[in-house]
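J.: First the structure, then my questions, so here it is.
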């Protein structure tokens, strides 16, 4: 039985994690450092945000951010022509996580198997070659007739180079047979920001560079304005219109394989983890402390009143009937249930198509079972013995804040007093997590959908799946990027260094959403094409903040709301050191700290939507493009994990 469990478990983890993402070919960081790293970081995030929007819709994007020439940041990102929209976004996400490692360098670029991303202090989008151009060669081929291999590979590269710059999108792939058992595949592509003559020059030099790898089985030329590759492995997906046979992209295949492993039930994974960790705990030296801790959590759950039977929870939710579904987040769906004793409960049904399932599950159970506060959702227990893992919470009849705040029919139930109570209650809950609980906790995913409301509209913070403990002597945690776009602090997005200041920034965004009734997101949210933060800052500097007040609140508040506006701006300052701690925020809101410091400029205020571009300017070129990929705005929690 144990061997069977282990076989399924190892199959799952091997398939789901054998490739975490597109491989990094090479990253290049300039030795020159910016003199104002804090300002440069903020402009970097702004520039990458714009590129992200364009890559998601078109597979290509350029950007610029920053008012001062000395701190301005330009960005450029492009997915290779063979990637699907989903694969493109996965590749960009990987490059976006890795590129900031070059900061505070004034220029850097990174090449992945599928995409390219760069930033710089000047407009480099038209560059075709520079001193950092290089090639990356693989191991030698095993082909006995190396002369034929050289000639065929050389001919393929020359053909692709001579044809790619004439294509509409500067992209060409092809293949040639050396023998019945050996095929050579090739690709040549320029960035869409260069002109045709520049593309031709770049490809010719890249072609000369890459054939220098021969007789290696794989060669890549990495130039400022183009990319050329040959390989004995088929690395690209040919479009259906091509005469060549089509195949799945490498990234797409990895995603498909990982998702295909969902059939492995949680009871198998849970039992395997339990067995492995129990066995590991008896092995003595070399055992991972986290593994021991997880095994201990499993044992303690099974023996405590936290343990629910899967059959009881399934019955309580009418077999997880869609009519009982309360909502869905990045790690699971939540259903209303009624226990045999009449108690209403909320059951979180965890998604299982991630290898971080155990971490998320045990993390949430372990953390929430140790903390109690009137503004934190109470964990009643969990089920770990059925075919899937379930968390059981107290049921809050008004569900989440976002279902009222962003619903034109329901938001009138949120009068000013209720909104103010939500703002103060959420602040008190975070202050407890950061400073008053037995263990210092950073939530990492504060947003309107994770603030639940009881029958009296009192707020309770929910969803601790991404939360992290924070030791008293730690200045920060170095962790993978996780949270929700539009709510993540700039220093966390750039460096992955997590402190409680990231929660404070997210809280500030929620405060400003509550006052304005507008949703903050990674895209522009106004008719003028400005982001919410940009609008608020403009009105703050013009002393016209009341013009942004939610129309549903007109006549209900005056000076008090300006004070809350001020606190929201203090929490969302670009510099984490300037954001007040949550205990201080509570004082500011409850009138114990009336003399408030002036807020400094928040990040992301230069991000504009495509509707706002006007002809003739550099900015207009950034936002003008065709629509190759469908747009998608997704505010679910995300997690991009870096290797340790």
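The values are calculated or read from the model by the stated rules, or taken from the named source; none is laboratory data. Please read these numbers as outputs of a predicted model, since none were measured by experiment. Every residue, glycine among them, receives a Cβ derived from its backbone with ideal geometry; neighbour counts consider all protein chains shown.
J.: If we keep just the residues of the range 417-452 that are assigned to a loop (DSSP other than H, G, I, E, B) and out of contact with any strand residue (DSSP E or B) (no Cβ under 6 Å at 6 or more places or on another chain), which is modelled with the lowest pLDDT?
T.: The qualifying residue modelled with the lowest pLDDT is 438.
J.: Can you tell me how many residues within the range 559-599 are surrounded by 13 or more Cβ atoms within 10 Å (Cβ to Cβ) and assigned to a loop (DSSP other than H, G, I, E, B)?
T.: Within the range 559-599, residues that are surrounded by 13 or more Cβ atoms within 10 Å (Cβ to Cβ) and assigned to a loop (DSSP other than H, G, I, E, B) number 10.
J.: Has the range 606-627 got at least one residue that is within 29 Å of residue 499 (Cα to Cα), in the same structural domain as residue 440 (by TED's automatic domain parsing), at pLDDT below 90 and part of a loop (DSSP other than H, G, I, E, B)?
T.: yes
J.: Going through the range 534-551 one residue at a time, which ones are surrounded by 10 or more Cβ atoms within 10 Å (Cβ to Cβ), without any contact (Cβ under 8 Å) to a residue 12 or more places away in the chain and part of a loop (DSSP other than H, G, I, E, B)?
T.: Of everything in the range 534-551, just one residue is surrounded by 10 or more Cβ atoms within 10 Å (Cβ to Cβ), without any contact (Cβ under 8 Å) to a residue 12 or more places away in the chain and part of a loop (DSSP other than H, G, I, E, B), namely 544.
J.: Inspect the range 65-75 for any residue being at pLDDT below 85 and either over 22 Å from the mean Cα position of the chain (by Cα) or within 30 Å of residue 533 (Cβ to Cβ) (or both) and give the result as yes or no.
T.: Checked against the condition, which is being at pLDDT below 85 and either over 22 Å from the mean Cα position of the chain (by Cα) or within 30 Å of residue 533 (Cβ to Cβ) (or both), the range 65-75 yields at least one hit.
J.: Within the set of pairs 6 or more residues apart or between chains, which connect a residue that is touching a residue at least 60 places away in the same chain (Cβ under 8 Å) inside the range 191-209 to a residue that is assigned to a helix (DSSP H, G or I) with Cβ atoms less than 8 Å apart?
T.: Pairs found: 194/202; 199/164; 206/161.
J.: Just checking, does the range 112-121 include any residue being touching a strand residue (DSSP E or B) at 6+ places or on another chain (Cβ under 6 Å), under 28 Å from residue 493 (Cβ atoms), modelled with pLDDT under 95 and in a loop (DSSP other than H, G, I, E, B)?
T.: Scanning the range 112-121 turns up no residue that is touching a strand residue (DSSP E or B) at 6+ places or on another chain (Cβ under 6 Å), under 28 Å from residue 493 (Cβ atoms), modelled with pLDDT under 95 and in a loop (DSSP other than H, G, I, E, B).
J.: Tell me whether the range 497-512 contains one or more residues that are touching a strand residue (DSSP E or B) at 6+ places or on another chain (Cβ under 8 Å), over 17 Å from residue 571 (Cβ atoms), buried (at least 20 other Cβ atoms within 10 Å of the Cβ) and modelled with pLDDT under 90.
T.: For the range 497-512, residues touching a strand residue (DSSP E or B) at 6+ places or on another chain (Cβ under 8 Å), over 17 Å from residue 571 (Cβ atoms), buried (at least 20 other Cβ atoms within 10 Å of the Cβ) and modelled with pLDDT under 90: absent.
J.: Working carefully through the options 127, 169, find the one that is part of a loop (DSSP other than H, G, I, E, B) and crowded, with 16+ Cβ neighbours inside 10 Å.
T.: The unique qualifying residue is 127.
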